[in-house]
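J.: One structure follows; several queries about it will come next.
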Amino acid sequence: MEKKYYAIIVAGGSGSRMGGDIAKQFMSLGDKPVIVTTIERFLSLSFPLEIIVVLPSNYKEYWKSYCFENRFNFRHTLVSGGLTRFHSVKNALKYVGRGGLVAIHDGVRPFVTKEYIEELYAIADEKGAVIPVISPIDSMRVKREDGTTEVTDRQRYLMVQTPQVFSTDLILDAYKQAYSPAFTDDATVVESMGAKIHLVQGKAVNIKLTRPEDMLLAKAILSVF
């Protein structure tokens, strides 16, 4: 049986840190919303995949109208976001079958490339679980409970990106667990079962658009991407 590929585009948050009148995933980047650019990266892959889009419940009709009015027609499953990222992904995993591979990607990381996504799927096919990471380049300090800080060795830390790609069997079993505040991403959910996470070098350009200044950087990247 041919392996099935899935992509979960997680855009279930409100984006309060970005400010503005519209959720960050729907803010314009060039001539289209951020989330559309992100989805287009996955639609460009050289193999077919099932796409599951996670949105806030109050944006589902907005999304349907956008797709209709702009003829952005592609087969996908639309899912409501949950209380946390964990719950949002769990909602999406209801539409994922066993025996395949699934990429879970932030809807506000529009600068991931086709080649890189396909590379991560290939690694996950071999390793079972793979996440991209990059090393911090700025000096880092640790904040103590009393509000003071101390310098720390940045070489001890890695910054985690998406897409995170997993065997569907592995991720489906992992999400049977009860929610824990320690689950900051999908890798931590899988790792809590004792599974090993394979790390690969991430891409500095694969930024997550979270704050207003990120949009300025994104527009600069878009001009040459």
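Any read-out appearing in this document is the output of simple, stated calculations on the displayed coordinates, not a laboratory observation. Owing to the predicted nature of the structure, the values given are computational and were not obtained by experimental measurement. Neighbour counts run over all protein chains shown; Cβ positions are idealised from the backbone, glycine included.
J.: When averaged across all projection directions, what area in nm² does the alpha-carbon convex hull of the chain cover?
T.: If you wrap the Cα atoms of the chain in a convex hull and average its projections, you get 13.8 nm².
J.: Let me ask something else about it. Classify the stretch 149-225 as rounded, prolate or oblate, taking a ≥ b ≥ c as the square roots of the eigenvalues of its Cα gyration tensor: rounded when a/c is under 1.5, otherwise prolate if a/b is larger than b/c and oblate if not.
T.: prolate
J.: Among ILE123, VAL36, VAL205, which residue has its Cα furthest toward the positive end of the charge dipole of the chain, with +1 on Lys/Arg Cβ and -1 on Asp/Glu Cβ?
T.: So the residue furthest toward the plus end is VAL36.
J.: Give the relative contact order (percent, whole number) for the stretch 3-98; include only Cα pairs under 8 Å separated by 6+ residues.
T.: Contact order relative to length: 34 percent.
J.: What Kirkwood radius, in Å to one decimal, follows from the Cα pairs of the stretch 74-167?
T.: 16.1
J.: Let me spell out the model: positive unit charges on the Cβ of Lys and Arg, negative unit charges on the Cβ of Asp and Glu, origin at the Cα centre of the stretch 1-147. What dipole size does that give, in debye rounded to 20?
T.: Charge dipole of the stretch 1-147: 360 debye, to the nearest 20.
J.: If you don't mind, another one. Give the lysines reachable from LYS208 as a straight Cα distance under 26 Å; neighbours fewer than 8 places away on the same chain don't count.
T.: Excluding near neighbours in sequence, the set is LYS24, LYS32, LYS60, LYS64, LYS90, LYS94, LYS114, LYS127, LYS143, LYS196, LYS219.
J.: Would the stretch 60-101 count as rounded, prolate or oblate if I go by the C-alpha gyration tensor, calling it rounded below 1.5 in a/c and otherwise prolate when a/b exceeds b/c, oblate otherwise?
T.: Verdict is oblate for the stretch 60-101.
J.: Report the dimensions of the stretch 75-127 along its three principal axes from the alpha-carbon atoms, largest first, rounded to Å.
T.: 31, 28, 23
J.: Using the number of other C-beta atoms within 10 angstrom as an exposure proxy, rank ILE39, ILE171, ILE134, ILE51 with the fewest first.
T.: Ascending number of Cβ neighbours within 10 Å: ILE134, ILE51, ILE39, ILE171.
J.: From the helices alone, meaning DSSP H stretches of at least four residues, give me the mean residue ellipticity at 222 nm for the chain, per-run term -39500 (n - 2.57), in deg cm²/dmol to the nearest 500.
T.: -8500 deg cm²/dmol
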